Amino acid sequence: MGFGAVRCDGNRMKALDYGTITSPAGMPVPERLAILFRAAREIIARVKPGAVAVEELFFSRNVKTAMVVAQARGVVLLACGLEGVPAYEVKPGAVKMAVTGYGRAEKGQVQRMVRLLLGLAEDPKPDDTADALAVAIAHAQYPAAALAAREVSTNKVPSLKRRTTP
């Protein structure tokens, strides 16, 4: 899973931290999710973001892949909730529009624009890292409402309510 943190000061943006969280192939899913959870909490503690943006899940034909991505996103959202950091979802097309000006831009275009916007020496790799930086840029650059972002967690932990039957 890619991650990226940016600071936006007026028209200037700077990458604060970025990279990819990886786990060994073939490792059981619960262990992989634990690695992701610990890494997410470490990144949040190190960067101290005011908010976290995650790309909205684009449901594909491969249900197995979609489930794994959904689990990973859930772990990141849990880390945000426990750390008291608001989390937002941003639609993939809105990210591409914010970064490239075209909602159906190719990955290469997104990578090049991320490099240019952040003043990086080279295109961020792998794709997951470039995508994460693009989401961060989109969220930092524009109001959440303009990106059709939806807050998915808050600083308050909801209380559990027991459902009663009539």
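The values are calculated or read from the model by the stated rules, or taken from the named source; none is laboratory data. On a predicted model such as this, the values are computed, not experimentally measured, just so you know. Virtual Cβ from ideal backbone geometry, glycine too; neighbours counted across all protein chains shown.
Observations
- Out of VAL114, VAL75, VAL85, sole residue that is under 22 Å from LYS48 (Cα atoms), free of Cβ contacts under 8 Å to residues at least 24 places away in the same chain and either in contact with a Gly (Cβ under 9 Å, 6 or more places away or on another chain) or not charged (D, E, K, R) (or both): VAL114
- Within the stretch 57-77, the residues that satisfy the criterion of being in contact with a helix residue (DSSP H, G or I) (Cβ under 7 Å, 6 or more places away or on another chain) and either aromatic (Phe, Trp, Tyr) or surrounded by 17 or more Cβ atoms within 10 Å (Cβ to Cβ) (or both) are PHE58, PHE59, ALA72, VAL75, VAL76.
- Qualifying residue in the stretch 4-25 (condition: assigned to a helix (DSSP H, G or I) and at pLDDT 95 or above): no
- Scanning the stretch 26-43 for residues that are more than 14 Å from the chain's Cα centre (by Cα) and assigned to a helix (DSSP H, G or I) returns VAL29, PRO30, GLU31, ARG32, LEU33, ALA34, ILE35, ARG38, GLU42.
- Residue check, GLU31 surrounded by 14 or more Cβ atoms within 10 Å (Cβ to Cβ), out of contact with any His (no Cβ under 6 Å at 6 or more places or on another chain) and not aliphatic (A, V, I, L, M): no
- Number of the exception - ARG12 against (1) closer than 27 Å to LEU116 by Cβ; (2) in contact with a helix residue (DSSP H, G or I) (Cβ under 7 Å, 6 or more places away or on another chain): (2)
- As a summary of the residue check, LEU57 satisfies the conditions (1) at pLDDT 90 or above; (2) more than 24 Å from ASN11 (Cβ to Cβ); (3) among the hydrophobic types (A, V, I, L, M, F, W, C); (4) under 14 Å from the mean Cα position of the chain (by Cα) except for the one numbered (1).
- Verdict on PRO49 being surrounded by 18 or more Cβ atoms within 10 Å (Cβ to Cβ) and of a type outside the set (A, V, I, L, M, F, W, C): yes
- When the stretch 96-145 is filtered for residues that are touching a strand residue (DSSP E or B) at 6+ places or on another chain (Cβ under 9 Å), over 23 Å from PRO86 (Cα atoms) and part of a helix (DSSP H, G or I), the ones remaining, listed by number, are VAL114, LEU117, LEU118, ASP127.
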